[in-house]
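Asker: Have a look at the structure that comes next, please.
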Amino acid sequence: MDSAASHDLEKPLIVDDLPVLKIKSHTRDVHILSCAFLLIFLAFGATQNLESTLITEKNLGTTSLGILYLSFAFFSLVASSVVRALGSKNSLILGTTGYWLFIAAHLKPTWYIMVPVSLYLGFASAIIWVEQGTYLTAAARSHARDNGLHEGTIIGNFNGEFWGMFACRQFVGNLLPLILLRGGTEGNPSDTTLLFTVFLCSMTLGTILMCFLNKRDDEEEKDPHNAESLSLYASLSSLSKSIVAPLFDVRMLLIIPLMAYTGLQQAFVWAEFTKYIVSPMLGVSGVGGAMAVYGAFDAACSLTAGRLTSGLKSITLIVSGGAFVQAVIFLWLLLCYSPSSGILGTINLLIMAALLGIGDGVFNTQLSALIGIFFKDDTEGAFAQLKVWQCSAVALIFFISPYISLQAMLVLMLSAICLSYAAFVYLSQQGEKALSLQVQVQVQAQVHDVCT
């Protein structure tokens with residue numbers, strides 16, 4: 001016995017035989033995802049801002065964007081099922097292909113090229129954006145669970161980092177047109193070719209970066225022993241659930257107006273603000289400068305709002321501030337604004353761009369956090385609904401923009417912000433009561449377990 005014990009003591013210690021306690025950090029994936037989206041969308045965002053002023057032949061620019069977002073809205077209905085089938089990483093990489101083709105089409109923009117590419121980009125956009133919301137929320141929940149942190153706070157922090165980096169696309173991307181476009185209000189063909197070539201290089205780097213993400217697929221959905229998950233009936237049932245089921249949730253019905261408004265306010269900046277406010281004063285290259293200011297304040301606000309998010313009460317306060325800021329801008333443009341040349345006119349224009357960026361940063365971070373808190377059981381379906389309503393609103397603006405005045409558009413925006421904010425306030429009040437009741441039930445259950 002002593003010999004055996006001595007022999008065991010002499011055996012080398014195998015590290016694999018010991019349990020290893022390891023705190024998992026999921027922030028790496030958030031950093032990679034944020035940087036990849038920045039590289040891809042700095043190109044697309046700047047191109048989108050220039051669409052209504054650079055490609056003016058028979059409204060090809062705005063019509064292409066209208067088709068894009070209409071396609072985006074339609075394919076968002078089925079995107080959650082496609083994402084589940086492809087997996088997280090493959091969905092993100094596939095989504096980048098549409099943006100690459102869209103930028104490439106601008107090297108020779110014609111109706112025969114732009115329309116099909118816009119339709120395909122709508123499909124690709126639905127895939128990448130539904131998966132982005134799901135991926136980011138899954139990373140936040142995993143990080144909170146593995147490190148014993150508050151889930152709502154981590155969701156807010158992760159969304160703040162992502163949307164802060166994403167908003168930087170407006171600053172970085174729009175500096176390039178400001179530097180490269182020197183052809184006055186119309187732009188120079190050689191300059192635009194150089195610009196879109198640089199954009200293609202940026203998109204290629206973003207796609208490569210996506211390849212370094214970790215997969216975050218639900219293993220339960222990929223269980224090989226679950227034959228029912230492979231059946232056509234189950235696929236159709238899942239599709240019906242992701243499209244129809246959320247509409248029977250009162251919380252979703254109350255949040256839909258806010259989803260739609262976020263699309264309206266973004267499209268207003270892209271189509272109306274750049275065309276009627278910025279371009280007449282500063283020209284095409286000036287659009288890049290104004291949108292760079294918009295993006296800088298959007299990014300700063302996204303990071304700040306994300307850090308301040310800790311629950312439903314903080315979301316309500318932050319959204320209230322964003323809604324107030326944007327409402328002030330719409331009233332200013334409708335009642336008080338008159339174009340003026342010189343430094344004063346430029347300062348007024350840049351102040352508007354900054355405040356609109358602040359509002360966009362608020363809505364992006366807080367809406368994603370709100371979905372993460374309320375719709376834990378079907379995150380893909382909730383983010384699919386977000387993109388359906390958001391993109392439908394964007395498409396509406398691009399289609400009606402050539403046919404209505406700026407004043408009519410401002411009245412529409414004011415009506416939309418009032419309706420969406422009223423529904424949101426009611427949702428937050430009811431949601432706070434429900435969350436408080438849920439906490440009380442959990443505490444009572446814990447006390448009961450201790451007593452028994």
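The values are calculated or read from the model by the stated rules, or taken from the named source; none is laboratory data. Model, not experiment: these values are computed from the prediction. Because the Cβ atoms are built from the backbone with ideal geometry, glycine has one as well, and the counts that use them run over all protein chains shown. What goes into the accessible areas is simple: the full protein's heavy atoms, side chains included, and nothing from ligands, DNA or RNA. Shrake-Rupley method; radii C 1.70, N 1.55, O 1.52, S 1.80 Å.
Asker: Can you send over the solvent-accessible area of R216, 1.4 Å probe, protein chains only, in Å² to the nearest 10?
Answerer: Spelled out: R216, probe radius 1.4 Å, area about 60 Å².
Asker: At 0.36 nm per residue, and after removing the present C-alpha to C-alpha distance, how many nm does the segment from Y426 to C336 gain when stretched out fully?
Answerer: Full extension from Y426 to C336 adds 29.2 nm.
Asker: With each label point set 7 Å from Cα along the Cα-Cβ vector, what nm distance links L406 and V115?
Answerer: About 3.1 nm, to one decimal.
Asker: With 30 Å as the limit, write out which pairs from K89/K275; K275/K313; K313/K387; K89/K387; K313/K376; K58/K387 have Cα-Cα distances beyond it, or answer none.
Answerer: Beyond 30 Å between Cα atoms: K89/K275; K275/K313.
Asker: Could you give the dipole magnitude of segment 290-420 about its Cα centre, charging the beta-carbon of Lys and Arg +1 and that of Asp and Glu -1, in debye to the nearest 20?
Answerer: 180 debye
Asker: Here's something else I'd like to know. Could you order Y276, Y294 so the one with the most accessible surface comes first? Probe is 1.4 Å.
Answerer: Descending accessible area places them as Y276, Y294.
Asker: Still on this structure, I have one more. Could you do me a favour and compute the accessible area per residue for segment 240-387, 1.4 Å probe, result in Å²?
Answerer: 34 Å²
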